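Take a look at the following structure, please.
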Amino acid sequence: MSQNTAAHSVVEPTPWTKRVAGVIVVVYALLTMVPLVWILLTGFKTPTDSISYPPKMVFEPTLEGYVNLFTTRSRQTQEYIDSLPPAQSWYDKLVRSHGMVIAGPSKFAQRYVNSLVIGFGSTFLAVFLGVLAAYAFSRFRVPLSDDLLFFILSTRMMPPIAVAIPIYLMYRQLGLSDTWLGMILLYTAVNVSLAVWLLKGFIDEIPREYEEAAMVDGYTRFQAFWKVVLPQASTGIAATAIFCLIFAWNEYAFAVLLTSGEAQTAPPFIPIIIGEGGQDWPAVAAGTTLFLIPIVVFTVVLRKHLLRGITFGALRK
Amino acid sequence: MLPACSFPVASIVNDSSAVTQIARRAALSTPAQIRRGLRGLSDRAITWIFILPTIILLLAINIFPLIWTIYLSFTNFRANRTSRATEWVGLDNYRSVLTDPDIWRSMQVTANFVIWSIGIELVLGFALALLIDKRFRGHSLWTTVILLPMMLSPAVVGTFWTFLFQPQTGLFNYTVAFLSGVDPSSFQMIGDVPLAPWAIVLVDAWMWTPYVMLICLAGLRSIPDSIYEAAEVDRASSWRQFWTVTVPMVLPFLMLAVLFRAIENFKMFDMVNLLTSGGPGSTTEVVSITLKREAFEKWRTGYSSALGIILFVTVFGAANIYVKALNAMKNR
């Protein structure tokens, strides 16, 4: 090891060390990706292929899983199918070739839209409220601001199931149960303290002198906040928004307990996609794939800020 | 009307950076502009206008249900029979929770789950962080790949691992059979009593090892090179450097990771509910599953509220002590 110290600083690993470390990390990464790749592939299998033994690595891809995900079907006799007018589209043909006809759309699309509306709605609200409060916490003296981090942590110590009943009773009184607004308010409340804390960290990094100079130039405090601080904090706001969105997108416990129909999001729905004779795994896999794609994109976008978000701002770099 | 101090004069006078120098000169020479800056809302008013909506929301949706839960825990209320009169039962619910052998069993299941999952995540996460810190070519790309599982929805993760764990046909059984020669139908990860607790530990480790890795990596990168250089001058071996420099410097970060993971895993619900839903029997029934069964299957609202409060107080107390210990260690 010491032979190389002439060329390398003491803290720089040797090329050989680097190569070995790289190989181990890549092997680990590939191993952890196997379940995800498998789900992606299963989405393109037929139900029979998906549960064959030994598991099929090579198979003929089909969109049956995706068709099953978005439709409800009923089994019919061959005579009945033959008596129908010819199939209009490729998915009609696909379903009929299995002796079934499409009875209508499934609830998946609606659940996915619910996830989008509730996710984006609560994110917008949490970031909007969060950036205002964070500015106040960052620039002015606010009582109890030192305990903010511990307050955030303690709100996460309560099991969601324990507070679900009072929230359920309260929402029933207010007419908010199983509505978009109810779920948006709930997820906003869960996210806002984290948003405040993360955004406070970002705003703390913007020098006060910018606003002070702007105010000397005749801006009011509010204008200085709006036109100077907000643009400076835009990266932080975007990172915080993605964190809030991912939380709302992934949330399961409140969703399964407080929503049943109208406002149900995708996570409680995907596990209960049933086909003929049990779970329709290709359809579940297709739903899972569509549900996870946005998260994969966001993870890549967010990679520089992940640490700050997942440790509630306790660690920055 | 406006308090004179609302313009941050004090900070300008005390600060000597270039911008404030200019600002001070501008402020002194153009009092009219200061007056314009003062127009509008006072800082105090802005503070409250900015904070109040958040406080109201938190009071309505975080604090109020918590207080309601505390109240319910002293009653015999049942959420499926709201017409029945609610009676105050004092500490009865707490007494029956704490003397219920089922609760203690599920606490034990939870403790096993928390300890094993976090233990494995610490070892793997720390090892991975050490390797990634060698900065081989492409390390940041592979770090992002490794981070993926922890961003996914635990509910969806639980669902697709059920598929991988299918007896006979699941990919997991097949792989184990392929590598070890065991008959793939001879074991069921989520159906066999001895294996099911390991199934949830395995999935949790798959999902959250990246989390520990990321925090450890931050710890490793916070160590200044100069410390290693000094150790090198002292001719400390790599092994010795690892134990006297790396480990102690990363330890506070590791402890932080343990704190966050422990809080989350103690109330773990979604992943376990979808993977095993507490079964087989009650071998993987962590406390959150018990809580759900009491609250939403048996509808013993008072009892489940008491259990919820006990869990909250336990975690809150333990986390407080832990944070104090962590701070004491940091200050040493």
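Which residue, B:F136, B:F64, B:F266, tops the fluctuation ranking in a GNM of chain B built on C-alpha contacts under 10 Å?
Fluctuation is largest for B:F136.
Please build a GNM for chain A, connecting alpha carbons under 10 Å apart, and tell me which residue among A:A286, A:A195, A:A164 fluctuates the most.
Looking only at A:A286, A:A195, A:A164, the biggest GNM fluctuation is shown by A:A164.
Given labels modelled 7 Å from the Cα in the Cβ direction, how far is it in nm from A:K107 to B:W198?
Rounded to a tenth, the inter-label distance reads 3.8 nm.
While we're on this one: If you project the alpha carbons of region A:150-193 onto the principal axes, what extent comes out on each, in Å, largest first?
33, 19, 11
State, to one decimal in nm², a quarter of the convex hull surface area for the C-alpha atoms of region A:75-215, i.e. the direction-averaged projected area.
Details: hull surface 63.0 nm².
In nm², the orientation-averaged hull projection of region A:75-215 is 15.8.
Taking each residue in A:27-37, count the Cβ atoms of any other chain within 10 Å of its Cβ, then average. What number comes out? Could you put the intermediate results ahead of the total?
Numbers: counts 0, 11, 10, 2, 1, 9, 4, 5, 10, 5, 0.
Other-chain Cβ atoms within 10 Å of each residue's Cβ, averaged: 5.
Can I ask one more? Order of A:K304, B:K134, B:K292 from fewest to most other C-beta atoms within 10 Å?
The order, fewest Cβ neighbours first, is A:K304, B:K134, B:K292.
In Å and on Cα atoms, what radius of gyration and Dmax does region B:97-331 show?
Considering region B:97-331 through its Cα atoms, Rg and Dmax are 20.7, 68 Å.
Take the protein assembly as shown, compute every pairwise Cα distance, and split them into 10 Å bins from 0; I just need the percent in each bin.
Pair shares across the bins are 3, 13, 21, 23, 19, 12, 6, 2, 0, 0.
While we're here: For the protein assembly as shown, what is the mean residue ellipticity at 222 nm derived from helices alone (per DSSP H run of n ≥ 4: -39500 (n - 2.57); sum divided by total residues; nearest 500 deg cm²/dmol)? Let's see the in-between values first.
Details: 33 runs with 425 residues, N = 649.
Dividing the helical sum by the residues of the protein assembly as shown leaves -20500 deg cm²/dmol.
Let me confirm one metric for peptide B:268-274, namely the mean number of other chain beta-carbon atoms within 10 Å of its residues' beta-carbons. Numbers along the way, then the final one.
Details: counts 1, 7, 9, 1, 0, 5, 7.
What the average comes to for B:268-274 is 4.
Moving to a separate point now. First obtain the Kirkwood hydrodynamic radius of region B:74-202 from its Cα pairs, then insert it into the Stokes-Einstein equation at 4 °C and 1.567 mPa s, and state the resulting D in µm² per second as a whole number. Intermediate results must be reported in sequence, preceding the final value.
On the way: Rh = 19.2 Å.
Approximately 67 µm²/s, per Stokes-Einstein.
Then there is this: In nm, give the distance between the simple-model label positions of A:W90 and B:E87, each being 7 Å from the Cα along the Cα-to-Cβ direction.
Simple spin-label model gives 6.7 nm for this pair.
Ordered by residue, what ³J(HN,Hα) values in Hz, to whole numbers, does region B:314-331 give under the Karplus form 6.51 cos²θ - 1.76 cosθ + 1.60, where θ = phi - 60° and Gly and Pro are x?
Here the 3J(HN,Hα) series is 4, 5, 4, x, 4, 5, 4, 4, 4, 5, 4, 4, 4, 5, 4, 5, 5, 6 Hz.
If each residue's Cβ is checked for other Cβ atoms within 10 Å, how do A:E262, A:E12, A:E251 rank with the fewest at the top? Intermediate values should be presented prior to the final figure.
Numbers: A:E262 12, A:E12 15, A:E251 27.
Placing the least packed residue first, the sequence is A:E262, A:E12, A:E251.
In degrees from 0 to 90, rounded to the nearest 10, what is the angle of the helix A:281-302 Cα long axis to the longest principal axis of chain A?
20
Let me ask something else. Using only the Cα atoms, work out Rg/Rh for chain A, with Rh taken as the Kirkwood radius, to two decimals. Kindly include the intermediate steps, with their values, before the conclusion.
On the way: Rg = 25.9 Å, Rh = 23.7 Å.
Ratio of gyration radius to Kirkwood radius: 1.09.
Which three semi-axes in whole Å describe the equivalent ellipsoid of region A:166-317, each the square root of 5 times a Cα gyration tensor eigenvalue, listed largest first? Kindly include the intermediate steps, with their values, before the conclusion.
Numbers: eigenvalues 298, 85, 28 Å².
After scaling each eigenvalue by five and taking roots: 39, 21, 12 Å.
Amide H to amide H under 5 Å from A:R73: which residues, 5+ apart in sequence or cross-chain, H placed 1.01 Å off N in plane?
Excluding prolines and chain starts, which carry no amide H, the hits are A:A103.
Please rank A:T188, B:T246, fewest neighbouring Cβ atoms within 10 Å first, as an exposure proxy. Each step should come with its number before you reach the end.
Values: A:T188 27, B:T246 20.
So the ranking, lowest neighbour count to highest, is B:T246, A:T188.
Every number in this text was worked out from the coordinates using simple rules, so none of it is lab data. Just so we're clear, the structure is a prediction, and the values are computed from it rather than from any experiment. When we count neighbours, we look across all protein chains shown, and the Cβ atoms used for this are built from the backbone with ideal geometry, even at glycine.
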